[in-house]
1. Give the residues of the stretch 88-116 that are of a type in the set (D, E, K, R), more than 23 Å from the chain's Cα centre (by Cα) and modelled with pLDDT under 95, sorted by residue number.
2. When L67 is evaluated against the numbered criteria (1) surrounded by 19 or more Cβ atoms within 10 Å (Cβ to Cβ); (2) more than 25 Å from T161 (Cα to Cα), which criterion, by number, is the only one it fails?
3. With (1) more than 28 Å from P106 (Cβ to Cβ); (2) touching a residue at least 12 places away in the same chain (Cβ under 8 Å) as the list, and K162 as the residue in question, which single condition is left unmet?
4. Looking only at the stretch 117-131, which residues are under 22 Å from L61 (Cα atoms) and either over 21 Å from the mean Cα position of the chain (by Cα) or part of a loop (DSSP other than H, G, I, E, B) (or both)?
5. Taking L58 as the residue in question, decide whether it is under 21 Å from the mean Cα position of the chain (by Cα), of a type in the set (A, V, I, L, M) and farther than 24 Å from E188 by Cα.
6. How many residues are modelled with pLDDT under 95, hydrophobic (A, V, I, L, M, F, W, C) and closer than 15 Å to K180 by Cβ if we restrict to the stretch 38-83?
7. Quick one: would you say E188 is among the acidic types (D, E) and exposed (fewer than 13 other Cβ atoms within 10 Å of the Cβ)?
8. Could you tell me which numbered condition T105 fails, if it satisfies all but one of (1) touching a helix residue (DSSP H, G or I) at 6+ places or on another chain (Cβ under 9 Å); (2) of a type outside the set (A, V, I, L, M); (3) surrounded by 14 or more Cβ atoms within 10 Å (Cβ to Cβ)?
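The values are calculated or read from the model by the stated rules, or taken from the named source; none is laboratory data. Predicted, not measured: the structure shown is a model, and the values here were computed from it. Please note: Cβ atoms are built from the backbone with ideal geometry, for glycine as well, and neighbour counts cover all protein chains shown.
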Amino acid sequence: MTALRAQVNPKDIQRNDLARVCLQNEIVRLVEPAYADQGQSRLLAFIGPTGVGKTTTLAKLAAQYTLFHGKNCAVITIDTYRIGAVEQLKIYAEIMGVPLEIAMTPRDFQEAVHRHRNKDFIFVDTAGRPSHNVEKVVELKSYFDMLDEPADIILVLSCNTKYRDLVRSARQFGPVQYSKLIFTKVDETDTLGCILNIICHTGLPVTHITDGQNVPDDIQSLYPKKLAKILTRGVAPDA
């Protein structure tokens, strides 16, 4: 804010563009450390609270990797709780032409990952766990403890969730050792500051945001400059 005050005269309405650029630069400065040294594993697992859209988000990314980038992919689900979850994934897998495995136990999961060791990417769907249910979070962790290779464990959160609840989820899913974040339902709220706040709170990057239900569309990759532009759209005189 000191830099903004030094560069912009509040009485000069013509400096709105400069104010926006200065604010964007400050946002980039805040979040860049979270995006530094960001690698990618071939194993992508999606975790998070119930109802945030993990399965749809997985399907969007898996479809893009398979259909647009020509990658050889597989899908594994350890969601055996939610009625219809496996059927929904079966439909997506058939459309994409990728194999789907159902893992009932951590050992099943380990074996399924091993069977697809030659795949470019493996996408892992999980059941929504209430973050305050420690037993369910520990159970989820037991699956990933069976892995003998690195994984990108991605915490999926919804933009229309209260910030206090986002912070609680970020803290209570901590034992699973997630390393990236995705925010869904950007189209269902006008306030997106929670994305910036959670990046600063966790020190982790938000790699994608979703803004609809269409598969494989309605998902965007996110990086510091793009986040800054999204958060400052309302600053523009023509916004």
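1. The answer is E94, and nothing else.
2. Result: L67 fails condition (1) only.
3. (2)
4. The answer is R117, N118, K119, D120, T126, A127, G128, R129.
5. Judged against the criteria, L58 is not a match.
6. 1
7. Taking the combined requirement at face value, the residue satisfies it.
8. Status for T105: all satisfied but (3).
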